[in-house]
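Structure first, commentary second.
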Amino acid sequence: MNSSSYKKDFSDNAILVDSLKKGEEKAYIFLLDTYHRKLYAYALTLIDDPVIAEDIVQNVFLNTWQYRKKLNAKYVIKSFLYKSVYNQFINTYTKNKATMLLQMKYYEVMYEEVEKTDEKSLERIITLVSKEIEKLPPKCKEVFSLSKKEGLTNAEISEYLNISIKTVEAQITKAFTTLRKKLGNKIKVSLFLLFSFK
């Protein structure tokens, strides 16, 4: 089987699920290669901790493999994986005390938006957001990334970069304003794919 047919075969949901249920290692590797980065980015939007986010994703893949015989070819594997990450997050978060209802509602709404978006559109959105962030002025991009990607508070960024908190707030506002012009009403859904909103 050449590489092109390998990709074509496993891109078919029914074939992928059936191969996983049969315990085919290549199918599992395809699953990891295709979804690990996306699921990790999604997990980071749910919990602002790279280590825990990685643990969540690893547990999802391990559980998917361990209970692969229970997979149903009628259900899209992408949706199953995203939902599994969300459920794993809920379980993890519950152990560390439940989050507020309003915050949980936000996550549910954002998850539904992701669910309604097909794979190619998700890729385009991620690429677009990344490109627009790279176009931000250097200082603006640095402050925005520290806030949304690294999860630092405004005070921590102020101390880290040796600038005032007002300057930090101004740079974040500037970043949002610029990105909103480029991304329009989809700014929250777009950034949700990459960063955790505060």
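May I ask you to evaluate 6.51 cos²θ - 1.76 cosθ + 1.60, the Karplus curve with θ = phi - 60°, for each residue of segment 46-52 and list the ³J(HN,Hα) values in order in whole Hz, giving x for glycine and proline?
Working through the residues one at a time gives 8, 9, 7, 8, x, 5, 5 Hz.
If r is the Cβ-Cβ distance from residue 74 to residue 131 and R0 is 30 Å, what FRET efficiency results, to the nearest 0.05?
FRET efficiency, residue 74 to residue 131: 0.25.
I want the local charge near residue 63. Using Cβ-Cβ distances under 13 Å, sum +1 for each Lys or Arg and -1 for each Asp or Glu among the other residues.
Here the count lands on +3.
Each residue of segment 12-20 in order: what ³J(HN,Hα) in whole Hz does its phi give by Karplus 6.51 cos²θ - 1.76 cosθ + 1.60, θ = phi - 60°, with x for Gly and Pro?
Taking θ as phi minus 60°, the curve returns 7, 3, 4, 5, 4, 4, 4, 5, 5 Hz for segment 12-20.
Suppose the chain between residue 170 and residue 12 were pulled fully straight at 0.36 nm per residue; how much longer would it get relative to their current alpha carbon spacing?
Extra length from residue 170 to residue 12 when fully extended: 52.2 nm.
Measure up 78/139; 83/141; 38/141 against 25 Å on the Cα-Cα distance and list the ones that go over.
78/139; 83/141
Values in this text are rule-based calculations from the coordinates and carry no lab data. Every value quoted in this text rests on a predicted model; they were computed, and no experiment measured them. Methodologically, a virtual Cβ is constructed for each residue, glycine included, from the backbone with ideal geometry; neighbour enumeration extends over all protein chains shown.
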